[in-house]
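For reference, the structure discussed in these notes is given below.
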Amino acid sequence: PAAPPADEASIFTDLSPAELRAVRSFLMSRPELGLSPSRGGPLAKNTLFLVELLPPKKRLALRYLDQGGPRPRRQARAVVFFGGQAEPNITEFAVGPLPRPSSYRPLRFKGGRAIPFTARPMTQLEYELLHRTMVEAMEPLYRLLRDATGFWYHNCTQRCLTFSDIAPRGLAPGERRSWLVLQRFVEGFFLHPVGLEVLVDHRDADPRRWAVQRLWYNGQYFSSPQELADRYERGTLAVARLAEPPSRQLFSSYEPRGHFATGTPTDVHGAKVCEPQGRRYRLRGNWLEYGGWSLAFRLRSSAGLQLFDLRFNGERVAYEVSVQEAIAFYGGHTPAAMQTKYMDAGWGMGSVTYELARGIDCPEAATYLDAHHLYDADGPVRFAAAICVFELPTGVPLRRHFDSDFQGGFHFYAGLEGQALVLRTTSTVYNYDYIWDFLLYPNGVMEAKVHATGFIHATFYTPQGRRYGSRVHSHVLGNLHTHLVHYKVDLDVAGTGNSFETMDVRFENISNPWSPGARVVAQPGELGRPWPWHAWVCPRPALGPRRYHLAVTRHHENEPSSSSIYAQNDPWEPLVSFEGFLRNNENIEDQDLVAWVTVGFLHVPHAEDVPNTATPGNAVGFFLRPFNFFDEDPSVASRSPVIVRPLDAPTFSRLDIQRWTPASPGPCVAPGPFTYNGTYRQQ
């Protein structure tokens, strides 16, 4: 079948700024919803938190794409916080039809459960109110913080402290208690904890009822700021005195310092990616084509990149491949560290897609695309250059062979240069930066990959803390943690009716058929073995999807994702129960199947994670590879190989060189200085 035109892929494209504004205006105009602006005002009000595309149901999309059926109605998903009523709650709505919405209806989670108000993600307004609470609560600690750190929180204008909050926010459903790690507000403040952690209860809709419940300072617990202040004034407190931070070349900054021993130059440009004869891919809206590949993509504000309708040579391979969740489990001696279980969809993982720097985050020659999010804002916010697309030389041949004559010559050499098309975005979830890649190779292989970089989540060093990490600086402990990333892979290989099989290899002793009496070891493959469902124990139900390297389920329209933006703040009773996807014990033979894939790694922080974790060695992912799907390697259709044959063996003075690309590649460096903007503004 032929690949669909780009306009058909638009059923999967993200909402435009005009559509986002139209949805917001329509909902704000409904008197029964009683919506107020998100920014400013009280916390106890009804606000529109999130608007993004509500993708069409799969059966409707396939009917349209494959059978000429009606085009699915374009709709938005809207998340409303109803905080200004007697029983606060969160409700999600389907709003449409777009571009001129005229109706809305509530969306239900599987099982029909209501969304508790305490499960909501944090908002800018709640952070501002939390800051005000801290300003007042830290007043008794002014002298201690000033004397010990040179910085303070109360009545601060320049030498200020800030905080990082951790989650889950409590120990049971319905709680909203956050541990805050206080840090010096300098460049790279994540690496500057001062030894004070504060537990604030901010569950009540009235911030005047918020309260500090506990404090931890330099290894000891206190019941109130005043108790800690009194201990300091009496001289009975073990004070952690920090040195004055330098004004230049701070250890947490990117400023160059030191020298390489070899003296080879680093103050000149290194190797670059170039396109000598222009782009070899085609991008039309959200429809991307490269070699045999074609696909539609979008960038969800809630969870990140999502691919639809992946085809190779016009035949669908997968209906959807998407990022679902990224989590990090931490260990530590301080209360904040031992409590930290980050689930980044709850922090707007798909909405923190800041500008990609040309030549660093992506090659200068890449195509850059803007993203528009309406997430905790009073209108769409433009994130310039949030996505990039580029062809990447892999640095290794896709395939090659040197056919030696074993007499100093050869029969032929053949090779095909290695290249892949990369679709990339990033998520900066406070301290950590995730680099999300989907790579398309000419031989029908797709790779999903994520690199982890940015600042480590660090706490104050104490001798007891060394069991849980490494001392990466004088007063800084890099806490041990595990990264796990979850993907949805809705494969439709030669149609929606698929089965799941594995191949095992075992050793077998047999008689040698050509030498009687001798024994040989054979390795026959066995197809169709059942998958071993071994799971590791998981402490909270919301983390269920990450218990499995691979889980395979039947496709259901009411199971669109394995996590939610609410799991972070209510992991004990999650709205989306992935275990429920598995417990129904459905037949998965010749059915429409979804593979749920978990990849991850253990990160033991070390001094070389300062100032930032480096990408080499901190990347994980998976491949989709054809297995007897094609008659041969489909990259034989590429016109990029080189074949060399000798014409006068054994002298080899004349060669027949075959290639199908121009002999001279042309210029490879684009003129013009480096530019960068970095802004993202409401439009």
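Just need log10 I(q)/I(0) for the stretch 392-464 at q = 0.11, 0.22 Å⁻¹, Debye formula, equal scatterers on the alpha-carbon atoms, no solvent, rounded to two decimals.
-0.53, -0.98
So between L647 and H269, what do we pick up on full extension, going 0.36 nm a residue minus the alpha carbon distance?
131.9 nm
Filter the DSSP H helices in the chain by two things, a Kyte-Doolittle mean of at least -1.0 and an axial alpha-carbon span of 15 angstrom or more, and list the hits by number.
17-28, 124-137
What length, rounded to one decimal in nm, is gained on full extension from V396 through to A114, with 0.36 nm per residue of separation minus their alpha-carbon distance?
96.3 nm
Could you give each residue of the stretch 424-431 its phi-based ³J(HN,Hα) in whole Hz, using Karplus coefficients 6.51, -1.76, 1.60 with θ = phi - 60°, and x for Gly or Pro?
Couplings: 9, 8, 10, 10, 9, 9, 6, 7 Hz.
So how far, in whole Å, is the C-alpha centre of the stretch 584-651 from the one of the stretch 417-482?
With the stretch 584-651 and the stretch 417-482 each reduced to a Cα centre, they are spaced 19 Å.
Show me, bin by bin at 10 Å from 0, the whole-percent P(r) of the stretch 17-107 based on Cα pairs.
16, 43, 26, 11, 4, 0
Just want to confirm a number: the relative contact order over the stretch 17-107, from Cα pairs under 8 angstrom separated by 6+ residues, in percent.
Once normalised by length, the contact order is 26 percent.
Could you give each residue of the stretch 505-517 its phi-based ³J(HN,Hα) in whole Hz, using Karplus coefficients 6.51, -1.76, 1.60 with θ = phi - 60°, and x for Gly or Pro?
Those phi angles translate into 10, 9, 8, 9, 8, 9, 6, 6, x, 10, 8, x, x Hz.
Would you mind working out the accessible area per residue for the chain, using a 1.4 Å probe, and quoting it in Å²?
Result: 47 Å² of accessible area for each residue.
P(r) for the stretch 564-642: what percent of alpha-carbon pairs falls in each 5 Å bin, starting at zero?
Answer for the stretch 564-642: a P(r) of 3, 8, 10, 10, 12, 15, 14, 10, 10, 6, 2, 0 percent.
I'd like the Karplus ³J(HN,Hα) series for the stretch 304-319: coefficients 6.51, -1.76, 1.60, θ = phi - 60°, whole numbers in Hz, and an x wherever there's a Gly or Pro.
For the stretch 304-319, the Karplus curve yields x, 5, 9, 9, 10, 6, 6, 10, 10, 6, x, 9, 5, 9, 8, 7 Hz.
Please report the accessible area of K45 (heavy atoms, 1.4 Å probe, ligands and nucleic acids excluded) in Å², nearest 10.
So the heavy atoms of K45 present about 20 Å² to solvent.
For Q568, enumerate residues with amide H under 5 Å from its amide H, sequence gap 5+ or separate chain, H modeled in the peptide plane.
Long-range HN contacts for Q568: G346.
Can you give me the Cα centroid spacing of the stretch 149-165 and the stretch 319-358 in angstrom?
26
What is the dipole size for the chain, taken about its Cα centre, with +1 at each Lys and Arg Cβ and -1 at each Asp and Glu Cβ, in debye to the nearest 20?
1120
Run lengths n ≥ 4 of DSSP H only: what is the helix-derived mean residue ellipticity at 222 nm for the chain, with -39500 (n - 2.57) per run over all residues, to the nearest 500?
Taken over the chain, the calculation gives -3000 deg cm²/dmol.
What net charge do the residues around L15 carry, taking every other residue with its C-beta under 11 Å from that of L15, with Lys and Arg at +1 and Asp and Glu at -1?
+3
Can you compute the modelled spin-label distance between S515 and A205, with each label point 7 Å from Cα toward Cβ, in nm?
Label at S515, label at A205, 8.5 nm between them.
Go through the stretch 1-106 and name the GluC sites (Glu not before Pro) that are in a DSSP coil and have 13 or fewer other Cβ atoms within 10 Å of their Cβ.
Qualifying residues, ordered by number: E32.
Between R146 and E87, how many nm apart are label points set 7 Å from Cα along the C-beta direction?
With each label placed 7 Å out from Cα toward Cβ, I get 5.1 nm.
A 22 angstrom limit on the alpha carbon distance is what I want to check against. Which of K57/K488; K272/K488; K57/K341; K58/K449; K58/K488 exceed it?
K272/K488; K57/K341; K58/K449
Please list the non-local residues whose amide H lies under 5 Å from the amide H of K57, H modeled 1.01 Å from N, same-chain partners needing a gap of 5 or more.
Amide H neighbours of K57, under 5 Å, 5+ apart: none.
Tell me, how many Å apart are the Cα centres for the stretch 252-300 and for the stretch 500-516?
Taking the Cα centre of the stretch 500-516 as reference, the centre of the stretch 252-300 is 46 Å away.
What FRET efficiency comes out for E447 versus F629 if R0 is 22 angstrom and r is the Cβ-Cβ distance? Round to the nearest 0.05.
Approximately 0.85, to the nearest 0.05.
Which peptide among 416-424, 386-394 comes first, and what is the full order, when sorted by highest mean count of other Cβ atoms within 10 Å?
Descending packing order for the listed peptides: 416-424, 386-394.
Taking amide H positions as placed in the peptide plane 1.01 Å from N, state which residues far from L593 in sequence (5 or more) or on other chains have amide H under 5 Å from it.
N498, H555
If I model the stretch 124-234 as equal point scatterers sitting on the Cα atoms and use the Debye formula, what is log10 I(q)/I(0) at q = 0.17 Å⁻¹?
Taking Cα atoms of the stretch 124-234 as identical point scatterers yields -0.80.
Any idea how far apart L602 and E128 come out in nm if each label point goes 7 Å out from Cα toward Cβ?
Inter-label distance under the simple model: 4.5 nm.
The values are calculated or read from the model by the stated rules, or taken from the named source; none is laboratory data. This one's a predicted model, so the numbers in the text were calculated from it and none came from an experiment. Virtual Cβ from ideal backbone geometry, glycine too; neighbours counted across all protein chains shown. To get the accessible areas, we keep the full protein, side chains included, count just its heavy atoms, and leave off ligands, DNA and RNA. Shrake-Rupley method; radii C 1.70, N 1.55, O 1.52, S 1.80 Å.
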